[in-house]
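Novice: Pasting a structure here, questions to come.
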Amino acid sequence: MIGHVNIRVEVQPDRKRAARALKAVRRGGYAASRLGGCVICLIGLTLLATDARAGTALLACGALMMFLPDLGVWLALRRHRHLLDRPVTLALTDTGVRTSLAELAWEAFRRVEETEEFWLLRTLSGRVITLPKQALAPEQRAELRTFLAGRGLLNT
């Protein structure tokens, strides 16, 4: 049986929280890029003894790989800064999710991941709506968790 949910919350703009949300959404690629960059740097360090040019080139490429995800987050926040200038109202009901910008039925969602700080509502089209847990009262968090589990959407 699917439960019921009727939660309305206003999320205040916060650039640091938005950056953390982007990192949470992209955590797999973020970690892979960092790890790959470290491996390339290690290879570059060992190569420095025999071929300084190649070793230096690998060190530069590895360092770039390690910091590229941070640059991507910065660029995304810069590109969408107009969305971070005003509060966003989210309404979560039995029929779906409505924000100040769009409305989606629950059938449009593939899964919802619960992290320590956010719920990441992933749509079938690949978009993600981030809902900060801090914006909800403890009883609303429990209500939402029960509802999402009942719909088979919740991945913790």
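Each value in this text was obtained by applying a stated rule to the coordinates, not by laboratory testing. Source: prediction; values computed, not measured. We place every Cβ from the backbone using ideal geometry, glycine too, and count neighbours over all the protein chains shown.
Novice: Among the helices of the chain (complete DSSP H runs), which have Cα atoms covering no less than 24 Å along the helix axis and a Kyte-Doolittle mean of at least -0.5?
Specialist: Numbers: long enough: 27-47 (30 Å, 1.10); 52-79 (38 Å, 1.05).
Long hydrophobic helices here: 27-47, 52-79.
Novice: Same structure again: Under unit Cβ charges (Lys, Arg +1; Asp, Glu -1), what dipole magnitude, rounded to 20 debye, does the range 15-156 have relative to its Cα centre?
Specialist: Roughly 340 debye for the range 15-156.
Novice: Where in the range 16-46 does the amide nitrogen come within less than 15 Å of the point 7 Å from the Cα of PHE67, taken along Cα to Cβ?
Specialist: So the set is 34, 37-38, 41.
Novice: Over the range 17-81, what is the relative contact order in percent, taking alpha-carbon pairs closer than 8 angstrom and at least six residues apart?
Specialist: RCO, the range 17-81: 37 percent.
Novice: Going by the alpha-carbon gyration tensor, a ≥ b ≥ c the square roots of its eigenvalues, is the range 86-156 rounded (a/c under 1.5) or, if a/c is not under 1.5, prolate (a/b greater than b/c) versus oblate?
Specialist: Because its axes are fairly even, with a/c under 1.5, the range 86-156 counts as rounded.
Novice: Here's a follow-up. May I ask for the equivalent-ellipsoid semi-axes of the range 17-81, computed as the square root of five times each C-alpha gyration tensor eigenvalue and listed largest first in whole Å?
Specialist: 30, 12, 5
Novice: With n ≥ 4 as the cut-off for DSSP H runs, can you work out [θ] at 222 nm for the chain, using -39500 (n - 2.57) per run divided by the number of residues, rounded to the nearest 500? The partial results should precede the final answer.
Specialist: Details: 4 runs with 73 residues, N = 156.
Value at 222 nm, helices only, nearest 500: -16000 deg cm²/dmol.
Novice: If I model a spin label at GLU103 and ARG79 as a point 7 Å from the Cα along the Cα→Cβ vector, what separation in nanometres do I get?
Specialist: Label-label distance for GLU103 and ARG79, simple model: 2.9 nm.
Novice: Normalise the Debye intensity by I(0) for the chain, one equal point scatterer per Cα, no solvent, then take log10 at q = 0.11, 0.20, 0.21 Å⁻¹ and round to two decimals.
Specialist: Results for the chain at q = 0.11, 0.20, 0.21 Å⁻¹ read -0.55, -1.23, -1.32.
Novice: Say the dipole of the range 17-81 comes from +1 at the beta carbon of Lys and Arg and -1 at that of Asp and Glu; which of VAL25, MET66, GLY37 then lies farthest toward its positive end?
Specialist: Of the candidates, VAL25 comes out farthest on the positive side.
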